[in-house]
Amino acid sequence: MTEKSLTKRNTTLGRAFKIVPYLTPEEVKLLASEAKKRRNGERDSLLILVLFETGLRISEALSLTSSNIDLFEGRPVLRIVGKGKKTILI
């Protein structure tokens, strides 16, 4: 390998370490409460909270139906078929 290719690889590697900003719990609550004020607000607010509380991918959350709700040890859980067709309980 040449010295030039090593330098190029290091600059590419540096991009992978950018800090990703996350919403705080307070910001999520504010976002959900603002969503309630709009058309379809209850639905949108619930979707925001489900995404935040569970960490589901948007496609997983949008595919939820009442048939995804199960009981585990007497408590309600969501049965999710995730990436790689793996089933998880949340």
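Values quoted throughout were computed directly from the atomic coordinates according to the rules given, and no laboratory measurement underlies them. No experiment lies behind these values; they were computed from the predicted model shown. Reconstructed Cβ throughout: ideal geometry from the backbone, glycine too, with neighbour counts over all protein chains shown.
Data overview
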| quantity | calculated |
| --- | --- |
| Virtual spin-label span in nm between Val77 and Ile19, 7 Å along Cα→Cβ | 3.6 |
| Distance (nanometres) between label positions extended 7 Å along Cα→Cβ at Lys86 and Glu34 | 3.4 |
| Local net charge near Lys36, Cβ-Cβ under 14 Å (Lys/Arg +1, Asp/Glu -1) | +2 |
| Burial ranking of peptide ranges 29-41, 46-58, 73-85 (average Cβ count within 10 Å, highest at the top) | 46-58, 29-41, 73-85 |
